[in-house]
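Contents: one structure, followed by commentary.
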């Protein structure tokens, strides 16, 4: 046998062996690997209550991204200075700078303390329910800054903002400059605490290496550039001072003396030559000009601000730096997070039709990071990728095995809310835009954070969330951006009630091209949108969240040019007609909507190929049924019972096992008290008693199920109740319920007869006076043929009233009788037989979703409204400065006109229950609140 050599990796080193010895050793290695013991520590419980967290900002990571308010820097620096998408760079030794990717500028550089970590993700990082966010600001000593204009210009210096926007978006201009001038490329990680910035100017690639140097006790900001060959003159703007008195320059340095006494100075220095010359303008601007070149340029710029009596020391420092060698090559990137975290899976027993298995999160972990997952997706090999609201990307392997292995992949992101794995490459949507990640050295961590697309403007407004990102099967992505709500701090002026001026794309659904370089607005007029898309057909849906101009939860089928009713986010001169939703979901059934997932799998039984809707507030999943018997789509919604330990927000199908996985975290109002989870949603094979199809038309309503129904239960008309109502879209938060004639209230329709289909799997309710209406609810209480209780509410929207083909639906020879009743006959069905009791009030407190915003005790964390314990008889102070004792009249007013008097410290975010609760029910709720008083 020929004795050849081979190399193997054994015990941390490469070893060369002969073929025979290698074969033997490889067999031993395989045997050893098959007998590997599991890790010593595998997390078997996620306890957030006892979690010890490190600070939000990790000192050994070179950047975070955040918006930052620089309007009051002082020190002779430009005012009205804002950075919506800032890269905050840690330059070492308490020295920091902010790079603005939209304008390709250093917006500020400072020393001393960091920034106020008061953004939503930052302030809630270790205070899980804190929503009192503010704009982050510099806490240290600002040294240098540039104003709201590009960091680079071509041929001639320019100090104006070139971004053209139509009114009213021309005051606070957001978004990137034109790609003809420049484009942000991304962040390249280097050694333990350094980075490189990549961008283009006038089509020229530039790699910038930021740094910190010093002389004596003075701090110097360094900007080292690798500039590719370029035909035009490129000018970089370095600093602006607003109290300049005198300018001076030489080949190696330039400065502006500041103040009435000229006792402070902002100075810059560089290596003479290389086509670099100074540009000093109006005792205000310090810039450097690079002439055209066919060979490219390496250049270092030093920027310093300090007392004028140290100016000569700075000049000496520049001369010394220019005499030393400098390495422009990429430094070796290290593996930052080599440790792994192991967690178990808590598999649910198959005790229900649908169950959730909990995949425990990497909490705690070696870095003491908070892990509040917002979204999850999967690679082709089954590994998962998840993004946390704190700005980290995690990878998880071993799903479905004895234990899972979690590793950190990326960090420093700005409120990321969506992740997609496309062709085994990770994309994340955060306030910076869509980021595409690259692991160039294959160590399992991203080392280049590429700007795939920042073309969609992002304002400073804190509620203009980067809400959702989904893959378009025809190429590119769809994104949804939150509307600029009135909660939180504002830069933009108020627009309509509940809103402030955001960017030109807030509250919109947008298509991003396959190369990330262009966009197309699909739909506008949304408040808090989240998306769902069929990965094969491209059927795109978007939900909205109840609030001002949004009377309840709508789910829309998105088509280009749609407008959904919020004037502040219409973004058109002439507001078009409002597109009706596929369906409305009642607030008491679905209190806070978020994303959707299509069950494109064969593992979910009756849910296969169905659209599943996600509720943050309840929390849980809902089945969406679409009645396609007529030309107009109309949908219905029903809750899927399962165990949901925390709020959930997003989900994805894992191709390797065919199961859907869902994740989310707690911060906004939810009836769940859990913090975060990752769940496998699973069908056990037990009978599904939820509706699988519905039809609504002139003869009434057909509900079809997956199991045979008990005929005796169907024959009992008293087991079925039907009611209907409309909403009022208005500037007020949410809506009451309104009868067909416009008066407050709900109409209860009689069920004249019931019929069981020939296959015993469908029930026909003969209902008179069927008409187009925004909301219908069918409450039913029956049983399957095997005796399983089936008690639920199915809600739907009726856009058209046409004949149901009863023969095709399985109801041959059914006599519907007279389907028109007089108003007097209908009135008999709309009486109030109930008695007001504390027990009824407590039931309504839960049923009407009040518990999602108000605690019956004293809890306030995670809740939007004040607690109810000891509320009755207390004195309430209001935001307008007035006060009032809580009595029955006040409680009734608060139920019917909740935004008339808003309790101090809270926002006007409660819907009216006008027409939702009748007088008896209101009395019962008041009795319940009174019972909570000691």
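Using Cα pairs under 8 angstrom and six or more residues apart, how large is the relative contact order of region 407-525, in percent?
Value for region 407-525: 19 percent.
Modelled spin-label separation between residue 805 and residue 113, with each label point placed 7 Å from Cα along the Cα-to-Cβ direction: 7.2 nm. Reducing region 311-343 and region 101-171 to their Cα centroids gives an inter-centroid distance of 25 Å.
Counting every other Cβ atom within 10 Å of each residue's Cβ, 678, 756, 197 order from fewest to most as 756, 197, 678. Counting other Cβ atoms within 10 Å as a rough exposure proxy, the listed residues 800, 474, 461, 713 run 474, 800, 713, 461 from fewest neighbours to most. For the chain, the mean residue ellipticity at 222 nm estimated from helices alone is -2500 deg cm²/dmol, where every DSSP H run of n ≥ 4 contributes -39500 (n - 2.57) and the total is divided by all residues, rounded to the nearest 500. FRET efficiency for the pair residue 772 and residue 323, taken as 1/(1 + (r/R0)^6) with r the Cβ-Cβ distance and R0 = 60 Å, rounds to 0.15. Computed from the alpha carbon positions, the gyration tensor of region 240-397 leads to an equivalent ellipsoid with semi-axes of 56, 20, 16 Å, biggest first. Return one number: the angle in degrees, 0 to 90 and rounded to the nearest 10, between the long axis of the Cα atoms of helix 838-847 and the longest principal axis of the Cα atoms of the chain. Taking Cα atoms only, the helix is inclined about 50 degrees.
If the Kirkwood radius is taken over C-alpha pairs of the chain, then at 20 °C and 1.002 mPa s the Stokes-Einstein diffusion coefficient equals 70 µm²/s. Residues 348, 912, 508 in ascending order of nearby Cβ atoms (within 10 Å, fewest first): 348, 912, 508.
Quick one: if the Förster radius is 41 Å, what FRET efficiency do residue 282 and residue 425 give, using the C-beta to C-beta distance and rounding to 0.05?
Numbers: r = 47 Å, r/R0 = 1.15.
That pair, residue 282 with residue 425, gives E of 0.30.
Put the Cα centre of region 425-446 next to the Cα centre of region 711-788 and the gap is 49 Å.
At a Förster radius of 45 Å, what calculated FRET efficiency corresponds to the Cβ-Cβ distance of residue 819 and residue 897, to the nearest 0.05? It comes to 0.75.
Counting only alpha carbon atoms, the long axis of helix 311-322 and the longest principal axis of the chain meet at about 90°. With respect to the chain, whose longest principal axis is taken over its alpha-carbon atoms, helix 919-931 is tilted by about 60°. When each of the peptides 167-179, 278-290, 98-110, 804-816 is scored by the mean number of other C-beta atoms lying within 10 Å of its residues, the order from highest to lowest reads 98-110, 278-290, 167-179, 804-816. Percentage of Cα-Cα pair distances in region 63-322 greater than 30 Å, rounded to whole percent? The proportion of pairs with Cα distances above 30 Å equals 25 percent.
Would you mind calculating the relative contact order of the chain from Cα pairs under 8 angstrom and at least 6 residues apart, reporting the percent as a whole number?
Numbers: 2425 pairs, mean separation 70.1, N = 934.
In percent, rounded to a whole number, it is 8.
When the scattering of region 838-931 is computed by the Debye formula from its Cα atoms alone, each counted once and equally, what is log10 I(q)/I(0) at q = 0.21, 0.25 Å⁻¹? Log-scaled intensity ratios, in q order: -1.14, -1.71. Computed over region 491-610, the quotient of the alpha carbon radius of gyration and 2.2 N^0.38 Å is 1.15.
Three semi-axes describe the equivalent ellipsoid of region 691-830; taken as square roots of 5 times the Cα gyration tensor eigenvalues and ordered largest first, they are 27, 17, 14 Å.
Every number in this text was worked out from the coordinates using simple rules, so none of it is lab data. All figures in this text were calculated on a predicted structure; none of them were measured in a lab. When we count neighbours, we look across all protein chains shown, and the Cβ atoms used for this are built from the backbone with ideal geometry, even at glycine.
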